[in-house]
Amino acid sequence: MISNIKNKIHILHNIYIKHNYLFKNKSYSMDGEDLFIDDYFKDKKNGLYIDVGCYHPLHRNNTFLLHRRGWRGINIDIHKFSIDLFNYLRPNDFNYNLAVSNKNEIIEMYFQKHLSQLSTIEHYQAKKVFQGNIKRSQIQALKLDSILESTKIDDIKIDLLDIDVEGADLKVLEGFSIEKYKPELICIEIHEKNIQKSTVYKYLENFSYERVWSGVFSHIFKSKA
């Protein structure tokens, strides 16, 4: 009972105090990704986004502008508190506390805090970016295909697929039937300096996607089909 009350207070503080939910921002993304996305879909009233590695429903979030316009989505993160925040602020979305990979299995996750953009399922990435001790925990990983098959949405048409999973981005794509669902836009992180030679870029290019926007790490690809 006490822990539930503390968690609710933590949720309310994180949304209303720490991130000023009542004050509208022009952009909620790290580098303005959401401005490009929102403008691209400006004439679409009802759409579907999938946010893999959703982290926070407001802070550095690429889908909040769409949500505010009435879109719905599927939000997935390895941290339970992230999903608590989404369940509070986006109760009509499908919110899952899972890892997303290219296999359905129990895997290790690496983190330092229970709400962080840097948490990952890739040990090499944790060693690269974490400062201090690396904490570990086990979590269920599912392919994105498996999550979509179990989600009760009729005739899934994905308008935006947003992927930000700290080094495991290609694994998400490998567990996703891109030709079947064919998202109109895919926003994904690429950390390699030569973007066009990265495995993610080549993977998407092979499925007829072209890059239409770039930020520091995030890049947006559009289906040519």
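The values are calculated or read from the model by the stated rules, or taken from the named source; none is laboratory data. Every value quoted in this text rests on a predicted model; they were computed, and no experiment measured them. Neighbour counts are summed over all protein chains in view; Cβ atoms, including those assigned to glycine, are modelled from backbone coordinates with ideal geometry. Remember, those area values only see protein heavy atoms, side chains included, never the ligands or the DNA or RNA. Shrake-Rupley method; radii C 1.70, N 1.55, O 1.52, S 1.80 Å.
Calculate the tail of P(r) for the range 37-137: the fraction of all Cα-Cα distances greater than 19 Å, expressed in %.
47
Can you work out the Karplus-derived ³J(HN,Hα) for every residue in the range 96-112? Use 6.51 cos²θ - 1.76 cosθ + 1.60 with θ = phi - 60°, whole Hz, and x for glycine or proline.
Per residue, the Karplus-derived 3J(HN,Hα) values read 10, 8, 8, 9, 10, 8, 9, 9, 8, 6, 7, 10, 8, 10, 10, 7, 10 Hz.
Which three extents, in whole angstrom, do the alpha-carbon atoms of the range 1-75 cover along their principal axes, largest first?
For the range 1-75, the Cα extents along the three principal axes come out at 45, 22, 20 Å.
Between E210 and K8, how high is the FRET efficiency from 1/(1 + (r/R0)^6) when r is the Cβ-Cβ distance and R₀ = 45 Å? Nearest 0.05.
Efficiency at R0 = 45 Å is approximately 0.50.
Once neighbouring chains are kept in place and the probe is 1.4 Å, which whole percent of the accessible area of the chain is contributed by carbon and sulfur?
Here it works out to 48 percent.
With all protein chains present and a 1.4 Å probe, how do E174, E189, E179 order by accessible area, largest first?
Result of the area sort, largest leading: E179, E174, E189.
Between Q131 and K202, what FRET efficiency follows from the Cβ-Cβ distance if R0 is 30 Å, with the result rounded to 0.05?
FRET efficiency, Q131 to K202: 0.40.
Using Cα pairs under 8 angstrom and six or more residues apart, how large is the relative contact order of the range 113-225, in percent?
Normalised by residue count, the contact order of the range 113-225 is 22 percent.
Give K18/K42; K42/K222; K143/K180; K103/K193; K152/K180; K157/K180 a once-over and call out the pairs whose C-alpha atoms are over 19 Å from each other.
Listed pairs above 19 Å: K18/K42; K103/K193.
Please compute the length gained on full extension between K80 and S27, using 0.36 nm multiplied by the number of residues separating them and subtracting their Cα-Cα distance.
Going from the current span to full extension adds 16.6 nm.
Compute the distance from the alpha-carbon center of the range 63-126 to that of the range 16-39, in whole Å.
One Cα centre to the other: 18 Å.
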